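Colleague: Dropping a structure here in structure tokens format, bear with me for questions.
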Amino acid sequence: MKKIYLFCSAGMSTSMLASSMQKAAGDHNLDVEIKAYSEKVVNEIVETENPDVIMLGPQVKYLFDNFSKRFGSARPVVQIKAEDYALANGPAVLKQAIVALKSFEQK
């Protein structure tokens with residue numbers, strides 16, 4: 001099972017997107033776990049849960065460089081596209097995560 005974890009300011013708006021992504025994954029029989037968290041707990045979550053993909057909501061895009069340096073050697077760190085985030089377009093964001101993961105694994 002692959003773990004795709006989304007981080008935003010408080011984790012609340014992103015949880016709706018995570019639910020939409022999980023539904024899309026289920027529709028395609030993908031074995032993934034998608035969860036949303038506040039960026040304040042990223043260290044704990046990465047250490048204990050070891051996600052395969054870290055995705056950042058638009059409101060915390062300023063953390064991208066920092067997260068990439070800290071966590072990007074072991075997994076892709078991705079900025080969620082603002083338009084997909086705003087529309088809670090779970091299938092599109094899921095695809096973005098899968099493409100990032102496949103690209104990372106091919107390195």
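Colleague: With surrounded by 15 or more Cβ atoms within 10 Å (Cβ to Cβ), in a helix (DSSP H, G or I), at pLDDT 95 or above and out of contact with any Ser or Thr (no Cβ under 9 Å at 6 or more places or on another chain) as the only criterion, which of Ile4, Ile98 stands out?
Modeller: It is Ile98.
Colleague: Return the residues of segment 1-58 that are over 9 Å from the mean Cα position of the chain (by Cα), within 18 Å of Lys95 (Cβ to Cβ) and of a type in the set (Val, Ile, Thr); say none if nothing qualifies.
Modeller: Selection gives Thr14, Val32.
Colleague: In segment 44-57, what residues are surrounded by fewer than 16 Cβ atoms within 10 Å (Cβ to Cβ), part of a helix (DSSP H, G or I) and in contact (Cβ under 8 Å) with a residue 12 or more places away in the chain?
Modeller: Passing the criteria: only Glu49.
Colleague: Please go through segment 13-24 and pick out each residue that is at pLDDT below 95 and either under 18 Å from Glu44 (Cβ atoms) or among the charged types (D, E, K, R) (or both).
Modeller: Scanning segment 13-24 gives Thr14, Ser15.
Colleague: Turning to a different aspect of this structure: Identify, please: which residue in segment 58-84 is among the basic types (Lys, Arg) and not in a helix (DSSP H, G or I) and is, among those, farthest from Ala100 (Cα to Cα)?
Modeller: Lys81
Colleague: With Ala24, Ala74, Ala88 as the choices, which residue is open to solvent by 50 Å² or more (accessible area, probe 1.4 Å) and of a type in the set (Gly, Ala, Ser)?
Modeller: From the options Ala24, Ala74, Ala88, the qualifying one is Ala74.
Colleague: May I ask you to list the residues in segment 85-95 that are among the hydrophobic types (A, V, I, L, M, F, W, C) and either part of a helix (DSSP H, G or I) or free of Cβ contacts under 8 Å to residues at least 60 places away in the same chain (or both)?
Modeller: Residues satisfying the conditions are Ala86, Leu87, Ala92, Val93, Leu94.
Colleague: Could you say which residue among Ser103, Ser68 is open to solvent by less than 40 Å² (accessible area, probe 1.4 Å) and of a type in the set (S, T, N, Q)?
Modeller: Only one candidate qualifies: Ser68.
Colleague: OK, next. Within segment 28-40, work out how many residues are assigned to a helix (DSSP H, G or I) and free of Cβ contacts under 8 Å to residues at least 24 places away in the same chain.
Modeller: Residues in segment 28-40 being assigned to a helix (DSSP H, G or I) and free of Cβ contacts under 8 Å to residues at least 24 places away in the same chain: 1 in total.
Colleague: Would you mind telling me which numbered condition in (1) touching a strand residue (DSSP E or B) at 6+ places or on another chain (Cβ under 9 Å); (2) within 16 Å of Ala18 (Cα to Cα) Ala82 fails?
Modeller: Ala82 satisfies every listed condition except (1).
The values are calculated or read from the model by the stated rules, or taken from the named source; none is laboratory data. Quick caveat, the model's predicted, so the values are computed rather than measured. Cβ: placed from backbone, ideal geometry, glycine included. Neighbour counts: every protein chain shown. Note: areas computed on protein heavy atoms with side chains; ligands, DNA, RNA excluded. Shrake-Rupley method; radii C 1.70, N 1.55, O 1.52, S 1.80 Å.
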